[in-house]
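The values are calculated or read from the model by the stated rules, or taken from the named source; none is laboratory data. Being a predicted model, the structure only gives us computed values, none of them experimental. Cβ atoms come from the backbone with ideal geometry, glycine included; neighbour counts cover every protein chain shown. Each accessible area value is taken on the protein alone, full model and side chains, heavy atoms only, with ligands, DNA and RNA left out. Shrake-Rupley method; radii C 1.70, N 1.55, O 1.52, S 1.80 Å.
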Amino acid sequence: MARDGYHRVRARGRTRGPGGRITAGGLALVALMAVTGFAAAHGPAVALAAALAAVAVAGWRTLNRAARPAALRITLAEFDAMGHEEFEYAVRDLLVRDGWGARGAAGVIGEDARHGRILVRARHTRAGAAGATVGTSVMAEAMGAAGPAHRADHALVVTNGGLTQDAKAWGDRHGVRWIDRELLRRWAEQGAPLTDLLRLPPVPLHPREWRTLRT
């Protein structure tokens with residue numbers, strides 16, 4: 001299903017190479033040091049129990065860090081093979097990777113404590129670079145939805161295809177940001193944070209307006 005796309009991509013990034021062995025070795029070393037130092041003061045049985053508990057906690061933290069989406073990367077070829085809904089959820093997951101609280105349904109809405117609320121219109125094409133380009137009507141739609149409907153601080157149009165020059169100029173003139181195929185590569189493949197990519201200014205939310213969006 002579309003909302004599983006991020007998890008499939010993340011799973012493909014996991015390896016069982018030297019890093020896993022180093023982690024296991026590190027945990028074993030922690031256990032050995034804990035047993036050796038603790039045994040002198042409390043006896044071997046208590047020391048062993050304490051060491052096992054410490055290793056369990058350290059292992060959980062290591063696995064928990066590995067499950068975070070910070071290393072999420074999606075290639076343009078993977079985007080091109082998606083359907084529209086899966087593309088929309090992939091965009092949402094990239095927002096989550098960059099620290100935004102985000103949800104995807106009929107559009108993607110993200111919130112960040114420093115940069116406010118962003119409304120994203122995702123436009124997908126299976127033809128990639130050769131696909132239909134996004135025009136000014138999509139930019140205007142994003143701007144309209146960002147205002148009264150969602151009270152967003154930023155409007156963004158994302159496509160794995162291209163935008164017309166008129167659409168880019170219209171967006172630049174009216175404050176609607178855009179990500180075309182090349183910027184999508186920098187964001188999704190190379191890991192550039194969205195706030196840096198778009199040079200988003202800080203727009204803090206009022207504490208009473210802040211809410212956590214569940215993905």
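The table below gives the values:
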{"read-out": "Residue list for segment 159-200, restricted to those being within 17 Å of Arg92 (Cα to Cα), among the hydroxyl-bearing types (Ser, Thr, Tyr) and open to solvent by 20 Å² or more (accessible area, probe 1.4 Å)", "value": "Thr195"}
{"read-out": "First in segment 161-173 and farther than 25 Å from Asp80 by Cα, second anywhere and surrounded by 20 or more Cβ atoms within 10 Å (Cβ to Cβ), Cβ under 7 Å, 6 or more apart", "value": "Trp170/Met139"}
{"read-out": "Residues satisfying the stated conditions in segment 97-110, i.e. over 21 Å from Ala145 (Cβ atoms) and either surrounded by 24 or more Cβ atoms within 10 Å (Cβ to Cβ) or touching a helix residue (DSSP H, G or I) at 6+ places or on another chain (Cβ under 8 Å) (or both)", "value": "Arg97, Asp98"}
{"read-out": "Flag for Val91 being modelled with pLDDT under 95 and not small (Gly, Ala, Ser)", "value": "no"}
{"read-out": "Contacts under 8 angstrom Cβ, first residue in segment 71-88 being under 12 Å from Arg123 (Cβ atoms) and at pLDDT below 95, partner open to solvent by 70 Å² or more (accessible area, probe 1.4 Å) and not in a loop (DSSP other than H, G, I, E, B), 6 or more apart", "value": "none"}
{"read-out": "Residue selected from segment 159-177 under the condition in a strand (DSSP E or B) and under 12 Å from Leu198 (Cα atoms), by the criterion farthest from the chain's Cα centre (by Cα)", "value": "Val176"}
{"read-out": "Restricting segment 111-158 to residues that are basic (Lys, Arg) and in a strand (DSSP E or B), the residue that is most open to solvent (accessible area, probe 1.4 Å)", "value": "Arg123"}
{"read-out": "Residues within segment 115-140 that are more than 18 Å from Tyr89 (Cα to Cα) and in contact with a helix residue (DSSP H, G or I) (Cβ under 8 Å, 6 or more places away or on another chain), tallied", "value": "10"}
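Conditions tested, residue by residue: (1) modelled with pLDDT of 95 or more; (2) closer than 21 Å to Ala71 by Cα; (3) out of contact with any Cys (no Cβ under 9 Å at 6 or more places or on another chain).
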{"residue": "Gly131", "(1), (2), (3)": "no, no, yes"}
{"residue": "Thr136", "(1), (2), (3)": "yes, no, yes"}
{"residue": "Asp153", "(1), (2), (3)": "no, no, yes"}
{"residue": "Thr159", "(1), (2), (3)": "yes, no, yes"}
{"residue": "Asp166", "(1), (2), (3)": "yes, no, yes"}
{"residue": "Ala169", "(1), (2), (3)": "yes, no, yes"}
{"residue": "Leu194", "(1), (2), (3)": "yes, yes, yes"}
{"residue": "Leu200", "(1), (2), (3)": "no, no, yes"}
